[in-house]
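The values are calculated or read from the model by the stated rules, or taken from the named source; none is laboratory data. Quick caveat, the model's predicted, so the values are computed rather than measured. Every residue, glycine among them, receives a Cβ derived from its backbone with ideal geometry; neighbour counts consider all protein chains shown. The area values use the complete protein model at the heavy-atom level, side chains included, leaving out ligands, DNA and RNA. Shrake-Rupley method; radii C 1.70, N 1.55, O 1.52, S 1.80 Å.
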Amino acid sequence: MKRMSAFHFAAALVLLGTVSADAADTINTQDLAVRVDKLADGLEHPWAVEVLPDSAYLVTERPGRMRIVRDGKVSEPIGGVPKVSARGQGGLMDVALAPDFATSRKLYFTAAIANSQGSGTEAFSATLSTDEKTLDAVTPIFSMRRFTSGNIQYGSRIAISGDGTLFISVGDRGNRDRSQNWQDDAGSIIHINADGSIPAGNLFKDGGKALPEIWSKGHRNPQGITFDAKDGKLYTVEHGARGGDEINQPEAGKNYGWPIISYGRNYSGSEIGEGTAKKGLEQPLHYWDPSIAPGALVVYRGAMFPEWDGNFLVAALKFQLLSRMQRDETGAFVAEERLFKGEYGRIRDVVVAPDGALLMVTDENNGALLRISRAQARNG
């Protein structure tokens, strides 16, 4: 198999800082100047953000709270959120609005949940009350079939397909061998209907080789999952060990290698598994070495930044930046621009708002919701 190589793009990679700051920061990128507005702060380890129909923002906080940010004001916690296991990397994680949210008020979210066997990743559906004070009809729609001790590597993001089905990323829970067990949800991309049932087209819908909800295996800790709105392709970004963070394009029934193959190493420095390639195991589209600790992923399709059309935007925790990955006409990654390095803290989520602006949340004790828009040119 062809061996992928990490690129460093010494000439193309730019680390950018704040030019000026008053009510907002103006930052020069390779292509244009952007404006960064802080819409809210005082959030405790915010994990995800979604835009509501009236342009307010729904934000999750890892300790187990959902809040609404509207006109710069942060609401009281929304009631009805189930008790989460807010330990280590666990807690309340992703939230996604149903495509018909404007009329149904339905949403989905993921969380680390504890029971007598330990903890694991679960997904829920719910409806947001019209007064925005509580979640109603909270219903589990997916739960890992094996809960274990430990509090790391839960995943977990949600991507909604054009047909309304859900793709959910689940980490290996710190036990790497689980990623190669097709009768275990850990280290998998899960595909379910909105009510938790199994889609008729799932490759393993009848059980046997694999659990019926499994879409793909061999993932370590995928904390970003998204569809490209242009062609409908599914992509993930996932944490490696020491090096080996990856972008993958999960396809049904395929194995993405962890921990048999990896471009990372154990934290001791020793090699992982059998090397970087093996027949029958998929190669990443891209990997980072050293790791950037990716938090979320979106393929940019928006009106505000046409220069970035088709670019992959990856939130990064370790280096506190947003990675803008550029592709050529074949889809290969050819350059990287690193934005906001160290300016705002650990960037956990990045999404594209309806107007094409970017929204980010920072995973800090005093976390913030940020909006990135096009800076207006000054006259004269």
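Computed quantities for the displayed model
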{"quantity": "Residue that is nearest to ALA111 (Cα to Cα) [pool: residues in the range 224-241 that are open to solvent by less than 30 Å² (accessible area, probe 1.4 Å) and in a loop (DSSP other than H, G, I, E, B)]", "calculated": "GLY240"}
{"quantity": "Test: residue in the range 31-40 that is part of a loop (DSSP other than H, G, I, E, B) and farther than 24 Å from MET304 by Cβ", "calculated": "no"}
{"quantity": "Test: residue in the range 204-223 that is open to solvent by 10 Å² or more (accessible area, probe 1.4 Å) and of a type in the set (Val, Ile, Thr)", "calculated": "no"}
{"quantity": "Candidate set from the range 138-165 (those that are assigned to a strand (DSSP E or B), small (Gly, Ala, Ser) and within 18 Å of the chain's Cα centre (by Cα)); member that is surrounded by the fewest Cβ atoms within 10 Å (Cβ to Cβ)", "calculated": "ALA159"}
{"quantity": "Flag if THR130 is closer than 22 Å to LEU297 by Cα, among the hydroxyl-bearing types (Ser, Thr, Tyr) and at pLDDT 95 or above", "calculated": "no"}
{"quantity": "Filtered residue count, the range 71-95, keeping only those that are surrounded by fewer than 20 Cβ atoms within 10 Å (Cβ to Cβ), closer than 20 Å to TYR154 by Cα and either among the acidic types (Asp, Glu) or in contact with a strand residue (DSSP E or B) (Cβ under 7 Å, 6 or more places away or on another chain) (or both)", "calculated": "1"}
{"quantity": "Qualifying residue in the range 180-198 (condition: open to solvent by 10 Å² or more (accessible area, probe 1.4 Å), in a helix (DSSP H, G or I) and touching a Gly at 6+ places or on another chain (Cβ under 8 Å))", "calculated": "yes"}
{"quantity": "Residue satisfying all of: in the range 242-255; open to solvent by less than 10 Å² (accessible area, probe 1.4 Å) and touching a residue at least 40 places away in the same chain (Cβ under 8 Å); nearest to SER179 (Cα to Cα) among these", "calculated": "PRO250"}
